[in-house]
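The values are calculated or read from the model by the stated rules, or taken from the named source; none is laboratory data. The structure presented is a predicted model; accordingly, all values stated were derived computationally and were not measured. Virtual Cβ from ideal backbone geometry, glycine too; neighbours counted across all protein chains shown. The area values use the complete protein model at the heavy-atom level, side chains included, leaving out ligands, DNA and RNA. Shrake-Rupley method; radii C 1.70, N 1.55, O 1.52, S 1.80 Å.
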Amino acid sequence: MGNERITIMKRNTNNEGKESHSLSRRTFLAGAAVTGLAAAGALTGCAPKTASEKSASGESGSTAPEHRWQSQAAADWRTPPEPIDEGEIADGGTFDIVVVGGGQSGTWTARSATMNGASVCVVEAQPEDSFFYIGGEVAVANSEWALERGADHIDKIEFMTGWLVRNANRTNQRLIRNFVDYSGQIMDWSISEIDEVDPDFYHNTDRTNIYSAEADDRMVMDPSGYKFYRSTIMHRPITGGGSDWEWGSVVMTHHREKAIEEGAEWHFNTYAEYLEKDDSGRVIAVVARNQDDDSYVRYTGTRGVVLTAGDFQANEDMLRDLNDEYRHLAENYGDIELATSGGMGVKDGMGIKLGVWAGGHVEAGPRTGMNTGQSGPWETAPWGPGFMLLNQRGLRFCNECAGGTEGSGYQSSRQPKGVIISVADANYLDTVACMPPAHGSINLTSKVTFHGIDPLKEKMAALDPSSDEPSEDGVYCANTFEELLDKIGCYNEEQKANALQEWEKWNQYAEAGLDEDFAMDARIMKPLTTPPFYAITGNAEDIYVGLCQTTGLDTDFNGCVLDSDLFPIPGLYAAGNNSGNRYIVNYCTPISGMSLGLCMTEGMLLGKRLATTEPEDIEQKKA
């Protein structure tokens, strides 16, 4: 292996703001060219008050509409930047492994590698004083700790087969096998370490608990053939909101500090700009920018560079290019801006960009995200898989419980423009009790305030059916179903008649135990006949992007990033949301918290593999 580097790119701006285009020893990386894409035209028009309203009100800062369609978006983010002048790059040191991204999977990778004797450098873009870990629901399979507290035992073959069916046989089954085989073991080991530093944490149900462990035998675990499992460990105070995740402040922080104690270097506020290859084509280094002073530094990894920099939720061009479903839905509505509305993430896709610029291949589609068309406040209204849904025509349009919350969400965004209504009656708790422990369902463990049953009951009890206005959380309440429709006020006479007829059919089907229209599971389908009646509303064209994107780089079962021929790129690896081939057609959640569960499992296995196995034994050679 020679020392000549193939740089992967960064446009440099000098102190006067002028761009300099000096080249390092080599400037072109085979495989980094922009993929050819068909041109798409721009459509204009109004849209609901989401991202598109910004352009309508001039918030974008431009007088001309900037509807960037797929070809434009892809050309922008896939085009490699130019390299930094070699004289401006300081030497940051040589390590066994360089990890780009110190979040969930990056921390697990670093900890696992240092435990097994490797020297590790972590390049993290967030400043240390404001750094945080996202998330707190962690899926595991057959953790002894979880099983002792009410989690379900998971049959490996059943789980893998169910995952295959949910994703239409498009995922890498070896990755899912690894989750079932190792996630529980890894979690139990982690718990044993946390017990030594915070003995209360995993033994106080006010801080950690099993999602819906207190549900009774009415809970349906396989609605309409979709199998779910109670095997999510909730790491947040039960009295806290969505931001009070002790998973990050207690568990992940512990493992980061242990990795540093074991020799890892953690470079906060340092942004990875591009990768470098040697003359054999092996990825050997990361050129990064210190965001404190805009200085550049090279970190060299002799065993490998690992991409764990999170998803691309905050990158509009990548959303338009890579999320096929969001883009197609936005095109249907005539407003590409909808493809980037409603996002909750902060990651800009740098890990995936680095991989693509190095010749990596983004997983094949059809690609989607964590959520699509979901409506309603989670803990302040009867919401989740099981309540009757109506579209703008006043018609039902799906099996409301198939596939959990995501299942109805994917259908909601495929309806005519206009309202989506979710309807319940005074017996809504009977439906909630039957819901599976799906992602976005109501958590039936007592006292939990985030997605919990207790605050839901409190909010519902305060509603007044005599009020013509919805509650502050957007819940309508009325003494009759027809009055409920009138209060919402979204239907003309024909649409209202449709809705009344659908309501009557729903009740007939529920009483008969057979949904002749959509085959909804009879165990969850309850009559809507007892006043008061409740409804929440949303819009079909509201594309809810969710917490993160699920599309990643093509990787094999060893975590190697694959090239366009789907062979490993020597020296380049990925885990977590930079790793693809896990979800493909939908955010598959037989256990809520699969994203963090896979980050943990993939990171731990990859770190150990790189630390203990020679790279040539990991990377399958191209014939």
Working only within segment 497-528, note down all residues that are over 33 Å from the mean Cα position of the chain (by Cα), open to solvent by 30 Å² or more (accessible area, probe 1.4 Å) and farther than 19 Å from Met221 by Cα.
Ala497, Asn498, Leu500, Gln501, Trp503, Glu504, Lys505, Gln508, Glu511, Ala512, Glu516, Pro527
Kindly indicate whether Thr612 is within 22 Å of Gln185 (Cα to Cα), out of contact with any helix residue (DSSP H, G or I) (no Cβ under 7 Å at 6 or more places or on another chain) and of a type in the set (Ser, Thr, Tyr).
yes
Looking only at residues in segment 383-414 that are of a type outside the set (Gly, Ala, Ser), open to solvent by less than 10 Å² (accessible area, probe 1.4 Å) and in a helix (DSSP H, G or I), which one is farthest from Leu456 (Cα to Cα)?
Glu406
Looking only at strands (runs of 3 or more DSSP E) that fall completely inside segment 89-165, which ones have 3 or more residues that are under 30 Å from Asn290 (Cβ atoms)?
89-100, 120-123
Yes or no: Tyr229 buried (at least 17 other Cβ atoms within 10 Å of the Cβ), assigned to a loop (DSSP other than H, G, I, E, B) and not β-branched (Val, Ile, Thr)?
yes
Odd one out for Tyr182 among (1) modelled with pLDDT of 95 or more; (2) farther than 30 Å from Val287 by Cβ; (3) open to solvent by less than 30 Å² (accessible area, probe 1.4 Å); (4) part of a helix (DSSP H, G or I):
(3)
What are the residues in segment 194-217 that are modelled with pLDDT of 95 or more and part of a loop (DSSP other than H, G, I, E, B), if any?
Asp198, Pro199, Asp200
Find all pairs meeting these conditions: Cβ atoms under 6 angstrom apart; at least six residues apart or on different chains; first residue within segment 493-515 and in a helix (DSSP H, G or I); second residue open to solvent by 40 Å² or more (accessible area, probe 1.4 Å) and of a type in the set (Ser, Thr, Tyr).
Asn507/Thr529
Take Gly135 and tell me if it is under 23 Å from Gly349 (Cβ atoms), open to solvent by less than 10 Å² (accessible area, probe 1.4 Å), in contact (Cβ under 8 Å) with a residue 12 or more places away in the chain and not basic (Lys, Arg).
yes
Just to be sure, is Asn290 open to solvent by 20 Å² or more (accessible area, probe 1.4 Å), within 30 Å of Pro416 (Cα to Cα) and not acidic (Asp, Glu)?
no
All-but-one check, Lys156 against (1) at pLDDT below 95; (2) more than 23 Å from the chain's Cα centre (by Cα); (3) open to solvent by 40 Å² or more (accessible area, probe 1.4 Å), failing number (1)
For segment 570-601, how many residues are open to solvent by 10 Å² or more (accessible area, probe 1.4 Å) and more than 15 Å from Gly365 (Cα to Cα)?
4
Filter segment 309-333 down to the residues that are part of a loop (DSSP other than H, G, I, E, B) and without any contact (Cβ under 8 Å) to a residue 40 or more places away in the chain and list them by number.
Ala314
Please specify each residue of segment 191-231 satisfying the condition of being under 14 Å from Ala438 (Cα atoms) and among the hydroxyl-bearing types (Ser, Thr, Tyr).
Tyr211, Ser212, Ser224, Tyr226, Tyr229, Ser231
Name the residues in segment 450-472 that are at pLDDT below 85 and open to solvent by 50 Å² or more (accessible area, probe 1.4 Å), would you?
Asp454
Would you please list the contacts, defined by Cβ atoms under 8 Å and residues six or more apart or on different chains, that run from a residue in segment 432-449 that is of a type in the set (Lys, Arg) to a residue that is modelled with pLDDT of 80 or more?
Lys447/Asp206; Lys447/Asp454
